[in-house]
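Written out below as structure tokens is the structure these notes cover.
The values are calculated or read from the model by the stated rules, or taken from the named source; none is laboratory data. What you are looking at is a predicted structure, and each value in this text was computed from that prediction instead of being measured. Heads up, the Cβs are rebuilt from the backbone with ideal geometry, glycines too, and the neighbour counts pull from every protein chain shown. Heavy atoms of the whole protein, side chains included, go into the accessibility calculation; ligands, DNA and RNA do not. Shrake-Rupley method; radii C 1.70, N 1.55, O 1.52, S 1.80 Å.
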Amino acid sequence: MPENLSVKIDFVKKITDYLHLNMFEIGYSDTNNRKKIWSFASRNDTPKCVSGHFEIPDAVVIVPYHTEKKQLVIIKEFRVPLGGYQYGFPAGLVDAGETVETSVIRELREETGLTVTQMDRISPPVYSSSGMTDESIVMAYVECSGDVSKKGNTSSEDIETIFVSPDEARVLCGNNQIKCDVKTWLVLSIYGETGRVSW
């Protein structure tokens, strides 16, 4: 169903030229027909507000449950913009020509060494910071097995894989001294309260 928009996009201008992320200026007319400019980032050469390709996710976020340990898997990873470590889920960009499922399997293996044994649920593309970027991700709830390995990590990745029980999830969610990804906090919160990973 087409949207009836009261805010109109007038133009989009690319202002940087990098490989995985670029800045754009968007000219738009607000609800009072005043001309305004918004700056935002996109992982696409043509932002989604122009291309209309909202169905294609930029990245996957993997919510892995280790069936042998019966625990949720999270990672503690150094994130440059934060200047420190963040608790989150394994995640990564969907490569060109790659399906979401293939990306999920590859990223989990690269970041943790674990193997996807079953795909339980994959969300539609969702947006976590639409004031700053048109980046979309899919949340992939999976079951996994195997042993942790850092062999797939690149030199720019500093990742620790952590197995979490519901009790440990509650402790993490209540710790305001750590940096936690918003999606991870929400899943951990549910897991800590219910013992379920909502699939």
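Observations, loosely collected:
- Residues considered: Ile74, Ile37. Of these, the only one that is β-branched (Val, Ile, Thr) and open to solvent by 90 Å² or more (accessible area, probe 1.4 Å) is Ile37.
- Subset of segment 119-152 (residues that are open to solvent by less than 30 Å² (accessible area, probe 1.4 Å), within 23 Å of Lys70 (Cα to Cα) and aliphatic (A, V, I, L, M)): Met139, Ala140, Val142
- Residues of segment 140-199 that are more than 24 Å from Val80 (Cα to Cα) and touching a Lys or Arg at 6+ places or on another chain (Cβ under 6 Å): Tyr141, Gly192, Trp199.
- So Gln177, is it open to solvent by 40 Å² or more (accessible area, probe 1.4 Å), part of a loop (DSSP other than H, G, I, E, B) and more than 21 Å from Ala41 (Cα to Cα): yes
- Of all residues in segment 73-100, those that are touching a residue at least 24 places away in the same chain (Cβ under 8 Å) and more than 14 Å from the chain's Cα centre (by Cα) total 6.
- Filter result for Gly88 (touching a helix residue (DSSP H, G or I) at 6+ places or on another chain (Cβ under 7 Å), within 26 Å of Asp120 (Cβ to Cβ) and of a type in the set (Gly, Ala, Ser)): yes
- For segment 153-171, filtering for residues that are assigned to a helix (DSSP H, G or I) and crowded, with 17+ Cβ neighbours inside 10 Å leaves 3.
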